[in-house]
Amino acid sequence: MDEQYSEMGLDPGVEYLRDVAEGFAQLGRRVEDEGGHDPFQAITSVACERVQGAVGASITTLRYGEFLTVAATDERVRRADAIQFELGSGPCLDAIVTSTMYSPCDLRTDDRWPAYGRRVADELGLHSMLSYRMLLPSTGTVAGLNLYAEAQGAFTERDTMIGLLLATHGALVATAAFYDRHVQNLERALRSNRGIGTAMGVLMANHKVTEDQAFDLLRITSQNTNRKIVDLAHEVVQTGALDVTPHQRPLVAVSPPDSLTSRPLP
């Protein structure tokens, strides 16, 4: 790759940095396009596209002592992860547990994971891997990024470094996305609590009841009318009144059992 850049009159170092920058930008766009709902899936797809030789990528998490594949580019790599979970051995698991990067060039002959290497090579045709630990300190989760290749020794030193940078940057992007989602949930809860508090104030003023009694009015009405307290609170704030009319559920016609319809009339 560096020789190609030299023949083109380009500085390999500059092109390398440009590749990394483009990868970061692509990851940011992908996460934004998905609305931040699944940053892990965006990371796997971008990593697979940016690292030459990779035919698939996955992200595995360790939480409460259980490994789980939370994102994968295809079912083959998902199965490759599952074999590791089944055996309790593999580059992905070790990368997460020991916080070390692993880059086996020939899984079939690698004596660190003999059972896994033979199975993933024979059953899935995968012979090379890159596995990185992803630090997600604010989510309570430890994760690992895995890249799979069919060829032996498929990943160059350049590929390894690009994968490492994407794993590091991807962890930051994922953490930010999860933090934003948490903030949005808190904001929605705060707005709901404010609405309920305002509705309680209206009921206390209109009916001369205590704070606890005002909340009980909302709670009991919610149960009797099959409506959410938040919706009732919004209505009270808008109208000044609490509608206690039950919401009727649609009637469903029920046919009598055959034992009754077939019984002769007296």
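The values are calculated or read from the model by the stated rules, or taken from the named source; none is laboratory data. Predicted model only: the values in this text are computed from it and were never measured. Every residue, glycine as well, gets a Cβ built from its backbone with ideal geometry; the counts of neighbours run over all protein chains shown.
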Failed criterion for T100 (all others in (1) buried (at least 16 other Cβ atoms within 10 Å of the Cβ); (2) part of a loop (DSSP other than H, G, I, E, B); (3) of a type in the set (V, I, T) hold): (1)
Selection from segment 38-70 of residues that are within 16 Å of the chain's Cα centre (by Cα), under 24 Å from R158 (Cα atoms) and assigned to a strand (DSSP E or B): A57, S58, I59, T60
Scan of segment 205-238 for residues that are hydroxyl-bearing (S, T, Y), farther than 17 Å from N193 by Cβ and either surrounded by 15 or more Cβ atoms within 10 Å (Cβ to Cβ) or at pLDDT below 85 (or both), ordered by number: T221, T225
Hits in segment 104-126 - residues which are assigned to a loop (DSSP other than H, G, I, E, B), surrounded by fewer than 20 Cβ atoms within 10 Å (Cβ to Cβ) and not charged (D, E, K, R): C105, T109, G125
Residue check, R76 touching a helix residue (DSSP H, G or I) at 6+ places or on another chain (Cβ under 7 Å), buried (at least 17 other Cβ atoms within 10 Å of the Cβ), of a type outside the set (S, T, Y) and within 15 Å of L126 (Cβ to Cβ): yes
Residue ID - nearest to A54 (Cα to Cα), chosen from residues in segment 152-204 that are touching a helix residue (DSSP H, G or I) at 6+ places or on another chain (Cβ under 6 Å) and at pLDDT below 70: A177
Candidate set from segment 189-229 (those that are charged (D, E, K, R) and part of a helix (DSSP H, G or I)); member that is farthest from L242 (Cα to Cα): R191
